[in-house]
Amino acid sequence: MSERPETLYEAVGGIDALRRLSNTFYDGVLADPLLAPVFADFTRTHIEHVAVWLGEVFGGPARFTAELGGHQALLRAHLGLSITEEQRARWVELMAVAVEKELPDDELLRGQVMEYFDWGTKIARDVSAGPVDEDLGEPGPTPRWGWDGLA
Ligand code: HEM
């Protein structure tokens, strides 16, 4: 068996693969009656920002922290959205479809990536219950997710 790359970032195919993943995912979201209204203020930059976030989480360059406000900005983006469990589950479902389509055919890799999305969407749901002006304090560095889950 050939050796696995050190990071999930390398294993998925880097930023270009994450851009394709994000793009395909949002095609699904914007066509979905349950999620489209949640993303009423969606713009194309969202696709790129999500790809950059995922790149950092999966062990690539720390660009979200350096350029886009880091962990706190990511959490803040979800404040006030009041995400329901049904919406969270649909988000994960549509991401699974995008993962099947865009990421390498590697069960271990896809499994770890989906574990992250299951974990991360629960945090997004919990944070989204707070008001838009909530003080989140210092949430710590951007989480990193590898072959063994949360690093
Ligand atoms: C692992 C889970 C998640 C990740 C990595 C993630 C990532 C992101 C990122 C990076 C942004 C900022 C986008 C920007 O700056 O343009 C964002 C905003 C947002 N997210 Fe999430 N998100 C997650 C879960 C969710 C869930 C479960 C929902 C709703 C069902 C959601 C709804 C939104 C909305 C509505 C925005 C603001 C949209 C906008 O700026 O137009 N997110 N998310």
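Which condition number in (1) more than 25 Å from residue 133 (Cα to Cα); (2) within 10 Å of the ligand (Cβ to nearest atom) is the one that residue 84 fails?
Every condition holds for residue 84 apart from (1).
Residue under question is residue 54, and the condition is that it be surrounded by 15 or more Cβ atoms within 10 Å (Cβ to Cβ) and either at pLDDT below 95 or hydrophobic (A, V, I, L, M, F, W, C) (or both); does it hold?
When the stated conditions are applied, residue 54 passes them.
Tell me yes or no: at least one residue of the range 61-75 is buried (at least 17 other Cβ atoms within 10 Å of the Cβ), in contact (Cβ under 8 Å) with a residue 12 or more places away in the chain, over 19 Å from residue 139 (Cβ atoms) and within 11 Å of the ligand (Cβ to nearest atom).
Among the residues of the range 61-75, not one is buried (at least 17 other Cβ atoms within 10 Å of the Cβ), in contact (Cβ under 8 Å) with a residue 12 or more places away in the chain, over 19 Å from residue 139 (Cβ atoms) and within 11 Å of the ligand (Cβ to nearest atom), which makes the answer no.
Considering only residues that are among the charged types (D, E, K, R) and without any contact (Cβ under 8 Å) to a residue 40 or more places away in the chain, look in the range 19-44 and name the one that is nearest to the ligand (Cβ to nearest atom).
Ranking the qualifying residues of the range 19-44, first place goes to 41.
Assess whether residue 45 counts as being among the polar types (S, T, N, Q) and more than 22 Å from residue 145 (Cβ to Cβ).
Here the answer is yes, as residue 45 does meet what is asked.
The values are calculated or read from the model by the stated rules, or taken from the named source; none is laboratory data. Values in this document were obtained by computation on a predicted structure and should not be read as measured data. Quick reminder, even Gly has a Cβ in these numbers, built from the backbone with ideal geometry, and neighbours come from all protein chains shown.
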